[in-house]
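The values are calculated or read from the model by the stated rules, or taken from the named source; none is laboratory data. If you're wondering where the values come from, they're calculated on a predicted model, not measured in any experiment. Because the Cβ atoms are built from the backbone with ideal geometry, glycine has one as well, and the counts that use them run over all protein chains shown. Keep in mind that these areas ignore ligands, DNA and RNA; they rest on the heavy atoms of the full protein, side chains included. Shrake-Rupley method; radii C 1.70, N 1.55, O 1.52, S 1.80 Å.
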Amino acid sequence: MTTSAMRKNEINFLEESFVDNFGDKLFDYYKVKVCVSSSIPFFKNVCDFSAWAWFLSLVHIVVEIQKRPFLIDALQYKSIITAFENLTKIEKYCLPQQIYDITRTIFEDNDEYDYFSKQASSNTNVSYMVYGLEYFQHLNFDLRGSLNYNPFPTMVMDWTEDIEIAKSFSCLDGKPGIILSINYDKYKQLLYDEWYPYLMSADIASNMPGFTPYFDYHFKFSKKNSNMQKQKGIVLFWPWSYTIDELATNEIGERLEFKETHIF
């Protein structure tokens with residue numbers, strides 16, 4: 001129950017990608033600077049490298065888009081230009097600092113803001129990016145092939161609201177597996193209680209990318225994502241790293257109504 005950007009193979013891949021693009025000196029500089037030291041309750045249980053994974057994954061995705069602009073063709077609409085798209089237009093040499101600033105606003109205890117503003121800035125900066133991350137999360141399915149890592153690791157986790165699709169994903173080589181589930185509304189409530197006490201109505205969020213740190217296939221701006229439509233997907237920002245057993249017994253799992261169901 002860990003996002004792709006926080007897995008060992010992906011972390012190694014992302015660190016190598018950063019060094020290839022920006023060199024060892026900047027790598028060492030930002031690895032020291034990026035940390036989690038937050039007074040926001042939502043981040044009290046995240047692991048130490050959650051912020052580092054966010055930083056690396058976002059840098060990697062933006063750099064790859066700059067190399068291959070066609071990657072975001074499926075994200076672009078004439079009617080709106082999102083904060084995620086604008087980030088891809090920043091000069092490459094400025095990206096590490098720009099994305100560090102975003103990362104710091106999300107995860108760290110910033111004395112420049114009052115408590116409510118800290119939460120609002122944190123939530124908003126994640127929400128700005130989820131519109132793009134939902135696409136790259138699903139693009140991994142097309143591009144992974146025989147790789148032992150995802151080519152576009154992200155800090156979001158994708159789910160489905162269709163039990164039959166969940167069953168098909170749970171099986172490997174025809175062998176029965178397990179289905180893991182949470183309550184989508186409880187996830188939103190957790191955001192409200194612990195992160196930012198303002199829930200965006202579904203109709204507004206659906207028409208304005210960057211208003212929520214979650215994204216689902218009902219949203220207007222997910223229609224071009226064919227993988228998300230086929231999967232009936234729901235993409236959630238997920239900064240935690242837990243085993244299934246841990247989620248079955250800890251506070252986060254209880255609040256999200258986490259369940260493990262064996263398929264026979």
Residue by residue through segment 209-228, note down the ones that are touching a residue at least 24 places away in the same chain (Cβ under 8 Å), out of contact with any Ser or Thr (no Cβ under 9 Å at 6 or more places or on another chain) and in a loop (DSSP other than H, G, I, E, B). LYS224, ASN225
Subset of segment 150-184 (residues that are open to solvent by 60 Å² or more (accessible area, probe 1.4 Å) and aromatic (Phe, Trp, Tyr)): PHE169
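Does ASP142 meet the test of being open to solvent by 30 Å² or more (accessible area, probe 1.4 Å), outside any helix (DSSP H, G or I) and among the charged types (D, E, K, R)? It would help to see each step written out before you state the result.
Numbers: open to solvent by 30 Å² or more (accessible area, probe 1.4 Å): yes; outside any helix (DSSP H, G or I): no; among the charged types (D, E, K, R): yes.
Criteria not met by ASP142.
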Answer yes or no: is there a residue in segment 84-98 that is touching a residue at least 24 places away in the same chain (Cβ under 8 Å) and farther than 30 Å from ASP28 by Cβ. yes
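Kindly provide the set of residues from segment 232-243 that are under 18 Å from SER4 (Cα atoms) and either open to solvent by less than 50 Å² (accessible area, probe 1.4 Å) or of a type in the set (D, E, K, R) (or both), ordered by number. Lay out the reasoning, then the answer.
Kept after step one, since they are under 18 Å from SER4 (Cα atoms), are these residues of segment 232-243: 233-243.
Result: GLY233, ILE234, VAL235, LEU236, PHE237, TRP238, PRO239, TRP240, SER241, TYR242.
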Identify, by number, the condition in (1) of a type in the set (Lys, Arg); (2) more than 20 Å from ARG7 (Cα to Cα); (3) modelled with pLDDT under 90 that ARG144 doesn't meet. (2)
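Looking at TYR187, is it within 28 Å of GLU251 (Cα to Cα), assigned to a helix (DSSP H, G or I) and open to solvent by less than 50 Å² (accessible area, probe 1.4 Å)?
Numbers: within 28 Å of GLU251 (Cα to Cα): yes; assigned to a helix (DSSP H, G or I): yes; open to solvent by less than 50 Å² (accessible area, probe 1.4 Å): yes.
It is true that TYR187 is within 28 Å of GLU251 (Cα to Cα), assigned to a helix (DSSP H, G or I) and open to solvent by less than 50 Å² (accessible area, probe 1.4 Å).
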Pairs returned, first residue in segment 21-49 that is closer than 23 Å to SER122 by Cβ, second residue that is open to solvent by 40 Å² or more (accessible area, probe 1.4 Å) and acidic (Asp, Glu), beta-carbon separation under 6 angstrom, 6 or more apart or interchain, are SER37/ASP109; SER38/ASP109; SER39/ASP109
Go through (1) at pLDDT 90 or above; (2) under 18 Å from the mean Cα position of the chain (by Cα); (3) closer than 18 Å to PHE237 by Cα one by one and return the number of the condition PRO151 breaks. (3)
